[in-house]
Amino acid sequence: MIERYMHWLHTQWPAGRVETLPEVRPDGTTNVPGVIVVGDLTGIPLLKFAGDTGTRAVQRLVADSSFQTSLRDGDSAILDLVIVGAGVSGMAAALEARNHDLRFVICEASQPFSTIVNFPRAKPIFAYPTDMTPAGDLQFKADRKEPLLEELRAQTAGPELQPRQVRVERIERQGKHLRVHLEGAEPLEARRVIVAIGKSGNHRRLNVPGEEREKVYNTLYDPNDYRGRKVLVVGGGDSAVETAIAIAECGGDVTLSYRQSTFSRPKAANLAKLDVLVQNSAPSAGDGRLRLAMQTGLKEIHEETVVLLDAKGSEYSLTNDIVFTMIGREPPLDFFHRSGIRVAGEKSPRFWIGMALILAVFTGIYLWKGYTWGPWAVQGIFDRLGGTIAAWAADPTTLLGTINQSMTDPGFYYTCLYSLLILVFGIRRIRRRRTPYISLQTWTLILIQILPLFLLPYILFPWIGANGAFDAGFGKWFADTFMPDESYWRAFGFILAWPLFVYNIFTAEPLIGWLVLGAIQTFVLIPAMIYFWGKGAYCGWICSCGAMAETLGDTHRHKMPHGPFWNRLNMAGQALLLLAFLLLAWRLLGWLLPAGNPVAATFQPFAIATGWKPVVDILLAGILGFGLYFHFSGRVWCRFFCPLAALMHIYTRFSRFRIFADKKKCISCNQCTAVCHQGIDVMSFANRGAPMNDPQCVRCSACVHVCPTAVLAFGQIDPRTGRERSRERFPASPVRMRESKPPADDA
């Protein structure tokens, strides 16, 4: 029962992981000063982007004043630049370095453009984006392996562009310069180093018996060599699909084994060709045949057979001559470890110590802020601050007098700082991600946080009340209904709905106004918003937790862990939602029973004071939710624990909101998944062209913004037909903005 509910709510969708790569800033720089990473290791596996990053790295280098200063030191023994790797990005960097008369050396362990050289014969080349012209002299026009190599070699001819064939072991910082250690040779000294080695690590292994046999390969050179042979291809990406297609077209008898029920990674053109070959396969082996073995895994490899396991755990054997394990390569992480370059996602002792210290700080802050723990000396500071101002602003009917009173409340300082952080980091986010969607969303979050969540409860309502506006008429009714006994803090409930903010509902005596308003918010207004615009209409545009996550947490979103375990942990919020409903039932029962009943008498001191407040509000939402911002992304509370988000997940299953994908443009770079701080495997939807309807989505637009080929867009479906109904007006993709921009008038 629970598993079926989890499957319906969330776990039915893929839970892809993010590839482990070096930590690289947007400009390619790393934590080691002077070392710049370009090409595939920046996360986008495209020829055009690889060339573009190599060229622009040198352009930024030449424009760097500190680099220009180092050029004037006159030391001829120091190279201006060492380029590690002679692939597309490395050679693009070399061409640009030659244009600027830099003294450079290219180091290459095998041969120039070795990745392309190792492509299968006549492999199609997808030069995405089609309308992009990379910066620099290295350009791409050919759409097949062999003519592409001819193009690249012709553009990089010349003695100064010939690589030195040597393996680089590590890079070491030596004062103002870098020392590049070479295998079997004297090290090179350089002012800067560009690392352009791509994902050239070891091939991934299945670790099954027989994988060491000579019949097992992980690279296809000439598919004609396997005409009439019985071939098993293992994998679900482009390399596996292209290998199966190439061998089948040359007359091989191919079985393609993949552990999932559908392909989510390959390009649309490859999948279309695969479908045609499967449907039109010749009935007899040797004439070119292609079969799919979905939801299977390779168990053993024998000399003349292979053993597969199906989804039910049953084994079956296939006659087999050749096995291709096309499951990718491991990035060359050892090289980065030796060079002291940090790798994303790796947890060093420094990571855990830093996290422990931050959690300790936030433990003190939240215990003090929540009045659970507050040494008299600390509280006295704020009392004395109020007293200091009182000497010249004691009149509570003035704004200064109101502020003076509020300054004795720890919540005033906390909320003021909270609002200031959202304002400062919100402006930084707008400047960093220049799209209309980001600007409108961020300013909305800033204004909601400052006005109704800070100024109203701490300044405006107290000031209005001090001036008698709540003493009679509508004002008195309003105050008595929603803020009895000057409990202006209850104004948080106008924005933060139950069960995110429970204290207007879980009161000692029933507040009818809040019971009615809370029911309308939680069970009418929010479901209506979600139906049209998804869960993110609240989480990404209104909620104060989301405001902090999208501003202060914007640069930490890539730290959110991904994978099946973490997707199952999302269900923790469902447990807290159930607890909230049980407490609600307890609270209502206490009110309905006769006065003085033990149910009512024990609710506040037990359920709230020693239950919900310390565990949910202080520990999960505060200490962990905020304390893990800098180590596990700013959405830890929102994703895993928030009970309101858990309720909205249910509503979202009936929403019209979707993220649509143009699968023909998807390049499987996984950038959209990597930046999702809700842990959604966005790429699995994009590759299939399926509208993304995972209820975790908070409409942050990071996946749309980061996509290098403008695959994704917000929109709505028609609930009756399931087809796309509309796209949203405010662009969230900078690539789409550039594509739709009219050309400049040369006149």
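The values are calculated or read from the model by the stated rules, or taken from the named source; none is laboratory data. The shown structure was predicted, so the numbers you read here are calculated from the model rather than taken from an experiment. Ideal geometry is used to build each Cβ from the backbone, glycine not excepted, and the neighbour counts take in all protein chains shown. Only protein heavy atoms, including side chains, enter the accessible area calculation; ligands, DNA and RNA are left aside. Shrake-Rupley method; radii C 1.70, N 1.55, O 1.52, S 1.80 Å.
The residue list T398, T388, T415 contains one member that is surrounded by 13 or more Cβ atoms within 10 Å (Cβ to Cβ) and either at pLDDT below 85 or within 30 Å of A240 (Cβ to Cβ) (or both), which is T398. Selection within the stretch 312-325: residues that are without any contact (Cβ under 8 Å) to a residue 24 or more places away in the chain and in a loop (DSSP other than H, G, I, E, B). The member of this set that is surrounded by the most Cβ atoms within 10 Å (Cβ to Cβ) is S314. Determine whether the stretch 66-74 contains at least one residue that is modelled with pLDDT of 95 or more, more than 15 Å from G198 (Cβ to Cβ) and outside any loop (DSSP other than H, G, I, E, B). Checking the stretch 66-74: not a single residue is modelled with pLDDT of 95 or more, more than 15 Å from G198 (Cβ to Cβ) and outside any loop (DSSP other than H, G, I, E, B). Count of the stretch 561-615 residues, restricted to those that are in a loop (DSSP other than H, G, I, E, B), surrounded by 14 or more Cβ atoms within 10 Å (Cβ to Cβ) and among the hydrophobic types (A, V, I, L, M, F, W, C), is 1.
Quick one: would you say A268 is open to solvent by less than 30 Å² (accessible area, probe 1.4 Å), on the phi < 0 side of the Ramachandran plot and not β-branched (V, I, T)? Before the answer, list the steps.
Values: open to solvent by less than 30 Å² (accessible area, probe 1.4 Å): yes; on the phi < 0 side of the Ramachandran plot: yes; not β-branched (V, I, T): yes.
Answer is yes for this residue.
Return yes when H556 is open to solvent by 10 Å² or more (accessible area, probe 1.4 Å), in a helix (DSSP H, G or I), over 17 Å from F494 (Cβ atoms) and not small (G, A, S) and no when it is not. Spelling it out, H556 is indeed open to solvent by 10 Å² or more (accessible area, probe 1.4 Å), in a helix (DSSP H, G or I), over 17 Å from F494 (Cβ atoms) and not small (G, A, S). Quick one: is L578 touching a Pro at 6+ places or on another chain (Cβ under 9 Å), without any contact (Cβ under 8 Å) to a residue 40 or more places away in the chain and more than 24 Å from I512 (Cβ to Cβ)? Taking the combined requirement at face value, the residue satisfies it.
Yes or no: T305 open to solvent by less than 60 Å² (accessible area, probe 1.4 Å), of a type in the set (S, T, N, Q), at pLDDT 90 or above and in contact with a His (Cβ under 8 Å, 6 or more places away or on another chain)? So T305 fails the test.
Any residue that is more than 30 Å from R167 (Cα to Cα), open to solvent by 60 Å² or more (accessible area, probe 1.4 Å), part of a strand (DSSP E or B) and free of Cβ contacts under 8 Å to residues at least 60 places away in the same chain - is there at least one of those in the stretch 334-357? No - not one qualifying residue is present in the stretch 334-357.
Evaluate the following for T673: is it among the hydroxyl-bearing types (S, T, Y), open to solvent by less than 10 Å² (accessible area, probe 1.4 Å) and in a helix (DSSP H, G or I)? Judged against the criteria, T673 is a match.
State yes or no: is G328 modelled with pLDDT under 90, open to solvent by less than 50 Å² (accessible area, probe 1.4 Å) and within 30 Å of V35 (Cβ to Cβ)? Lay out the reasoning, then the answer.
Numbers: modelled with pLDDT under 90: yes; open to solvent by less than 50 Å² (accessible area, probe 1.4 Å): yes; within 30 Å of V35 (Cβ to Cβ): yes.
So G328 passes the test.
Can you tell me how many residues in the stretch 1-14 are assigned to a loop (DSSP other than H, G, I, E, B) and open to solvent by 80 Å² or more (accessible area, probe 1.4 Å)? Let's see the steps before the verdict.
Here is the first cut: in the stretch 1-14, the ones assigned to a loop (DSSP other than H, G, I, E, B) are 1, 12-14.
If we keep only those that are open to solvent by 80 Å² or more (accessible area, probe 1.4 Å) too, we end up with 1.
The total comes to 1.
Being more than 17 Å from the chain's Cα centre (by Cα), modelled with pLDDT under 90 and open to solvent by less than 50 Å² (accessible area, probe 1.4 Å) is a description that does not apply to A645.
Yes or no, residue by residue, for (1) open to solvent by 40 Å² or more (accessible area, probe 1.4 Å); (2) at pLDDT 95 or above; (3) within 35 Å of the chain's Cα centre (by Cα):
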position: R432; (1), (2), (3): yes, no, yes
position: I438; (1), (2), (3): no, yes, yes
position: L500; (1), (2), (3): no, yes, yes
position: F523; (1), (2), (3): yes, yes, yes
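Looking only at residues of the stretch 47-86 that are open to solvent by 10 Å² or more (accessible area, probe 1.4 Å) and of a type in the set (G, A, S), we find that the one that is nearest to V180 (Cα to Cα) is A77. For the stretch 15-30, the candidate set comprises residues that are open to solvent by 60 Å² or more (accessible area, probe 1.4 Å) and without any contact (Cβ under 8 Å) to a residue 12 or more places away in the chain; within that set, the residue that is farthest from R342 (Cα to Cα) is P26.
Quick check on the stretch 226-265: of everything there that is part of a helix (DSSP H, G or I) and among the polar types (S, T, N, Q), which residue is most open to solvent (accessible area, probe 1.4 Å)? Steps first, please.
Pass one, the stretch 226-265, residues part of a helix (DSSP H, G or I): 226, 238-249.
This time we only want the ones that are among the polar types (S, T, N, Q), so: 239, 243.
On the way: S239: 54, T243: 2 Å².
For the stretch 226-265, the residue satisfying everything is S239.
Considering Y531, Y538, the condition of being within 17 Å of F714 (Cβ to Cβ), in contact with a strand residue (DSSP E or B) (Cβ under 9 Å, 6 or more places away or on another chain) and not charged (D, E, K, R) is satisfied by Y531 alone.
Each residue in the stretch 36-51 was checked for being more than 16 Å from R98 (Cα to Cα) and either without any contact (Cβ under 8 Å) to a residue 40 or more places away in the chain or in a helix (DSSP H, G or I) (or both), and 8 of them qualify.
Residues in the stretch 457-488 that are among the aromatic types (F, W, Y) and crowded, with 18+ Cβ neighbours inside 10 Å were compared, and the one that is nearest to A646 (Cα to Cα) is F482.
Scoring H705 on the criteria (1) open to solvent by 10 Å² or more (accessible area, probe 1.4 Å); (2) assigned to a loop (DSSP other than H, G, I, E, B) leaves a single failure, condition (2).
Looking at S239, S281, S261, which is the one that is more than 30 Å from D80 (Cβ to Cβ), touching a helix residue (DSSP H, G or I) at 6+ places or on another chain (Cβ under 9 Å) and small (G, A, S)? Quick ask: steps written out before the conclusion?
Working: S239 fails: touching a helix residue (DSSP H, G or I) at 6+ places or on another chain (Cβ under 9 Å); S261 fails: touching a helix residue (DSSP H, G or I) at 6+ places or on another chain (Cβ under 9 Å).
Just one listed residue meets the conditions, S281.
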